[in-house]
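Q: My questions will all concern the structure given below.
The values are calculated or read from the model by the stated rules, or taken from the named source; none is laboratory data. Quick caveat, the model's predicted, so the values are computed rather than measured. All Cβ positions, even for glycine, are placed from backbone atoms using ideal geometry, and neighbour counts span all protein chains on display.
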Amino acid sequence: GSKSHTNVLIQPNFKFEDMGIGGLDKEFSHIFRRAFASRIFPPHIVEKLGIQHVKGMILYGPPGTGKTLIARQIGKMLNAKEPKIVNGPEILNKYKLFADAEAEYKARGEESSLHIIIFDELDAICKQRGSKNDGTGVGDSVVNQLLSKMDGVDPLNNILVIGMTNRLDMIDEALLRPGRLEIKMEISLPDEAGRIQILNVHTAKMRKNNLLENDVDVKEIASLTKNFSGAEIAGLVKAATSWSFNRHVKVGSVAGVSDDVEKLKVGREDFLGALEEVRPSFGVAEAELQ
Ligand code: ATP
């Protein structure tokens, strides 16, 4: 409601769509306030408050909903280093994940820039901790390394670990305690309003370049894309352009191609064609029951 202070750190005229994120305003604002308030204030204020920075969070929910987008954008807003993204457990042995952050923290202390480390599919790493089914000990060593960096004797103040998963239940409890991945945020499939915003994000360029027909109504398309993730909506837009190509480009006539292609515009019929072939993969069973 109007009394909510959720957006207190976000400028009133700040547009999430301009950042390429649709439908996640509340989630973004919440994460930003909880995880970053302390990092925006000068160190001496934080010192006076006697608090420690949040060093970890977990974003969970279906694939393709914008978890990585949020992490990247937050990093940009805080002038963080380009995040290191770890996909699954396999590459971890050779990866000296925390080395850069440690070196900079040693050299610059609280002046160090923020280092973001993203564990995509954190569940795949956790699964193996303490279990016998694997034998590599990878899960164990990674989780233990994480824990020791986050709350060791010399905690690294310049790191933010972001775990991502679509299986929160698979995540080791030990990782979710205060001081560790302590902020949990669900990133779910977008509702209709969210889908409108996401469609606006992904058609912004063609609209700006006058390549979108007037008969394209994002509200209509949003109503036809129940259960689509953001990634699937991006896929739909891409498929729609292929239908437009199909209408404009005569294969076999090179001269014809270059002429016609200049007239290319993406229209409603292209989106309807695309909707025939791009379908949501998540939450469908639930929808069909209704
Ligand atoms: P995964 O769990 O599969 O890693 P994710 O939740 O991290 O998925 P992203 O990698 O952030 O998803 O999204 C993939 C792509 O889908 C993005 O690069 C973007 O093009 C599109 N997308 C997803 N969600 C959104 C959104 N909320 N707004 C705009 N685009 C989105």
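Q: Quick one: count up the residues across segment 207-227 that are under 23 Å from the mean Cα position of the chain (by Cα) and touching a residue at least 40 places away in the same chain (Cβ under 8 Å).
A: Qualifying residue count, segment 207-227: 4.
Q: Taking the options Ala35, Ala71, Ala103, name whichever one is more than 12 Å from the ligand (Cβ to nearest atom), in contact (Cβ under 8 Å) with a residue 40 or more places away in the chain, within 16 Å of Leu160 (Cα to Cα) and assigned to a helix (DSSP H, G or I).
A: Result: Ala35 is the single residue among Ala35, Ala71, Ala103 that is more than 12 Å from the ligand (Cβ to nearest atom), in contact (Cβ under 8 Å) with a residue 40 or more places away in the chain, within 16 Å of Leu160 (Cα to Cα) and assigned to a helix (DSSP H, G or I).
Q: While we're looking at this one, here's another question. What number of residues in segment 40-55 are outside any loop (DSSP other than H, G, I, E, B) and at pLDDT below 85?
A: 2
Q: Next question. If I filter segment 173-193 down to residues being among the charged types (D, E, K, R) and more than 22 Å from Thr68 (Cβ to Cβ), which single residue comes out as farthest from the ligand (Cβ to nearest atom)?
A: Arg177
Q: When you scan segment 214-230, do you find a residue that is aliphatic (A, V, I, L, M) and within 11 Å of the ligand (Cβ to nearest atom), even just one?
A: For segment 214-230, residues aliphatic (A, V, I, L, M) and within 11 Å of the ligand (Cβ to nearest atom): absent.
Q: What do you reckon, is Asp191 closer than 16 Å to Phe271 by Cα and charged (D, E, K, R)?
A: Answer is no for this residue.
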